[in-house]
Amino acid sequence: MRRFLPTVVGALVLIVVAGLWLQINVFAQPRLKDVSGNWAAEHITALVEKGVLNGYPDNTFRPNKAITRAEFAKIMVKAFTVPSASDQPFRDMNKHWAAVDVAALCKAQLIKGYEDGSFRPDRPITRAEVVAIIIRTLKLEDASQAVDNTSDSVFADLPNDHWASSYVEAANRLDILPPYFKGRFRPTEEATRAEIAAMVNETLRLQVAKGVIDFIDSDQYQLSVKTEQNTLRDYSLPPTTTIYRNVGIVDAKQLRKNDDVYVVADRFGTPIFLKANGLITQDDVVTKVSNVTKGLLTPEQLKAAIRGDWTSVAEGFQVTLYNQLLDFGATPMEADSIMQKDWSSLQGLARERLTKALGASLNLSDELVIAVMDQDWVTARELAQSQALQSLLSRLLLG
């Protein structure tokens, strides 16, 4: 016993010393000396601990420094575990240090290059580019672009026709943008390391679920999803939830049991976006055809056409036509004259000009446009049945 006692004591001493050494070294790990007090300190620390971001050799993070397209590609691959890819589609990436990461994001269709086939990896990435890649990573590109953007943007410097408008609006709804972006987004401004840390970490906090609808009570806006992990998750759908089913934005009443579903919720579990795919319904068809005609034929008018109720189609079409005439350059007086067939009040070329404009834009024949302008609904019905709806349905079937 005495012979083994020193050995045991020695082992215990070694264990204690080793433990103290580990503790000393853990607590002695250098901290990033320029992060404390920064508005994004929480996000930076979280991503550094996860190994998504790194500091510099001098123990700084440099939160206000711009980040390159290549650096952001590497961050996204680490943060969201994007599968690797072997093919390199960009001519300037073959020997670059981030070649593997850029190839992975390209294969996942999360990034795009330039028209000349380059990626320009060392170019600073902009705020708009960052947000677009994040929304694509969340698989919300189609849903965000389908949202009606007729209302004014929440950002004064980001008009609805900007290429990144729908991405930024989606990111704003998901509440992943830095707080000081409110009011002005500055889409072309170079994104900083702090801003990217905040947006990536807030995105990682979102709750994402994929599965099938196990139960739906659209009247109460209640939904139960059987996830891919074979667990049930219950959701309450607030009126602000964007629901995208098959071909476009729909109401919760169009969701069906057994629909494949993809939910992106905030950190508290409240759905912000919901995408569903299932059996094609009449609502799906009329929604897509209405989108093809750019709203010339509303879903209600198309449903009436399917029923053969051409009187309802004609009555509603007159209001739509009036608005279209204004959109295509007619003055209110010209539009009123056309609707009343008061051709004498029109200038000589006005009718021909508007006929050509409407026909070319909507892919309709001059005869059909003139019949509608004349309010000759019998002729318009015949032409529409043989021409307009067939054309629209063909475009629908061909995608």
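Key figures for this structure:
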| read-out | value |
| --- | --- |
| Test: residue in the range 194-210 that is assigned by TED's automatic domain parsing to the domain that holds T45, free of Cβ contacts under 8 Å to residues at least 24 places away in the same chain and under 30 Å from T45 (Cβ atoms) | no |
| Condition met for S144 (assigned by TED's automatic domain parsing to the domain that holds P89, touching a helix residue (DSSP H, G or I) at 6+ places or on another chain (Cβ under 9 Å) and of a type in the set (G, A, S)) | yes |
| Selection status of V225, surrounded by 20 or more Cβ atoms within 10 Å (Cβ to Cβ), at pLDDT 95 or above and touching a helix residue (DSSP H, G or I) at 6+ places or on another chain (Cβ under 8 Å) | no |
| Matching residues in the range 57-76 - criterion: being over 18 Å from P178 (Cβ atoms) and not acidic (D, E) | P57, N59, T60, T68, R69, A70, A73, K74 |
| The one condition in (1) modelled with pLDDT of 90 or more; (2) part of a loop (DSSP other than H, G, I, E, B); (3) surrounded by 10 or more Cβ atoms within 10 Å (Cβ to Cβ) that G37 fails to fulfil | (3) |
| Condition broken by T242, with the remaining ones in (1) of a type outside the set (A, V, I, L, M, F, W, C); (2) in contact with a strand residue (DSSP E or B) (Cβ under 7 Å, 6 or more places away or on another chain); (3) more than 16 Å from K139 (Cα to Cα) satisfied | (3) |
| Filter pass, K112 being under 28 Å from A276 (Cβ atoms), in a loop (DSSP other than H, G, I, E, B), out of contact with any Asp or Glu (no Cβ under 6 Å at 6 or more places or on another chain) and in the same structural domain as E49 (by TED's automatic domain parsing) | yes |
| Options K257, K275, K210: the member that is modelled with pLDDT of 90 or more, part of a strand (DSSP E or B) and either more than 22 Å from the chain's Cα centre (by Cα) or surrounded by fewer than 20 Cβ atoms within 10 Å (Cβ to Cβ) (or both) | K210 |
| Residue in the range 156-164 that is in contact (Cβ under 8 Å) with a residue 60 or more places away in the chain and either out of contact with any Pro (no Cβ under 8 Å at 6 or more places or on another chain) or in a loop (DSSP other than H, G, I, E, B) (or both) present | no |
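The values are calculated or read from the model by the stated rules, or taken from the named source; none is laboratory data. Quick caveat: nothing in here was measured; it's all calculated off a predicted structure. Glycine gets a Cβ as well: all are built from the backbone with ideal geometry, and neighbour counts include every protein chain shown.
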